[in-house]
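Engineer: Submitted below is the structure of interest, expressed as structure tokens.
What follows is calculated from the coordinates using simple rules that are stated; it is not laboratory data. Since the structure is predicted, the reported quantities are computational estimates derived from the model, not experimental observations. Don't worry about glycine lacking a Cβ; one is built from the backbone with ideal geometry, like all the others, and counts go over all protein chains shown.
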Amino acid sequence: MDFSTLDAAWATLFDQFARRLEATETHQGQETARLLRENNKRRPSWQLHAHDVVLSSALAALHRDPLVEALERLSPFLAWQTRGAFTDSDHTNRAYVEFLGPDGMLKSDEIRLGVYWHDRHTFYPRHRHEAVELYHIVSGTAFWQHTSEDWIPRPPDSFVVHQSNEDHATKTGDQPLLALWSWLGNISFDSYSMDVAPAELGLEFRDFARN
């Protein structure tokens, strides 16, 4: 099978990822861009992955953005990790792909990075981890809470840095969220923990049996 179009889309994805995180002018962004460029000649072992993540609404807002064609072309081959959420939905509404990392489509023990999707009207409670985390918002204005701050709307082309073990949370309104993310430092999931949803929300955590 000819994988040249997938290879070209992957190259575009890594190039756009590097450019956008480098533009944050943060140490995390610079280091992420460096590692993306170091690995930009590598390609995954292409295989189809069944998932129910629907990116059409998030991508529609991007118009002629080079990421649109790349993500649409790669979509059936992206290894989405679906996660439950504090919500009333029985369907996937939070998911991520790890492009590069210990569990990534390409292996690396230096970094975790990928794309994160968060559907409309979905809540991700306070959580923390030892890794330093950078998000670049690609599409959708979501609400982000950092340590003890109020909920702050973050529009497309903005970014958020979470330092090691800092509490943070995210929720969406009428717009789905699509973001690029990277972890540096202690990138093990062993340090990850998440709080329960506030009782007044009346929501229960729903996970998926396949996780």
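Engineer: R0 = 25 Å: FRET efficiency of Ala8 with Arg120, Cβ-based, nearest 0.05? Please list the in-between numbers first.
Structural biologist: On the way: r = 31 Å, r/R0 = 1.26.
After rounding, the FRET efficiency stands at 0.20.
Engineer: I've got another one for you. Just for the stretch 4-206, what percent of DSSP beta bridges are antiparallel, to the closest 5? Numbers along the way, then the final one.
Structural biologist: Working: 43 of 45 bridges.
Given both bridge residues lie in the stretch 4-206, the antiparallel proportion sits at roughly 95 percent.
Engineer: Quick one: net charge of Gly29's neighbours, Cβ under 14 Å, K/R +1, D/E -1? Before the final figure, lay out each step's value.
Structural biologist: Details: positive: Arg19, Arg20, Arg34, Arg37; negative: Glu22, Glu25, Glu31, Glu133, Asp157.
Summing Lys/Arg as +1 and Asp/Glu as -1 gives -1.
Engineer: Which of the three applies to the stretch 1-70, rounded, prolate or oblate, going by the alpha-carbon gyration tensor with a ≥ b ≥ c and a/c under 1.5 meaning rounded?
Structural biologist: Numbers: a/c = 2.02, a/b = 1.24, b/c = 1.63.
Oblate is the answer for the stretch 1-70, as a/c is 1.5 or above yet b/c matches or exceeds a/b.
Engineer: Please compute the length gained on full extension between Arg43 and Asp150, using 0.36 nm multiplied by the number of residues separating them and subtracting their Cα-Cα distance.
Structural biologist: Working: separation 107, 0.36 × 107 = 38.52 nm, distance 4.12 nm.
Value of the extension gain: 34.4 nm.
Engineer: Using a simple spin-label model with points 7 Å from Cα along the Cα→Cβ vector, what separation in nm is obtained for His51 and Tyr192?
Structural biologist: Going from the His51 label point to the Tyr192 one covers 1.4 nm.
Engineer: Then there's this: For the stretch 67-195, build the charge dipole from Cβ charges (+1 Lys, Arg; -1 Asp, Glu) around the Cα centre, then report which of Gly173, Ala79, Leu113 sits farthest towards its positive end.
Structural biologist: It is Ala79.
Engineer: May I pose another question? Would you mind working out the magnitude of the charge dipole of the chain relative to its Cα centre, with +1 at each Lys and Arg C-beta and -1 at each Asp and Glu C-beta, to the nearest 20 Debye?
Structural biologist: On the way: 20 positive and 31 negative charges, 105 e Å.
In total the dipole reaches around 500 debye.
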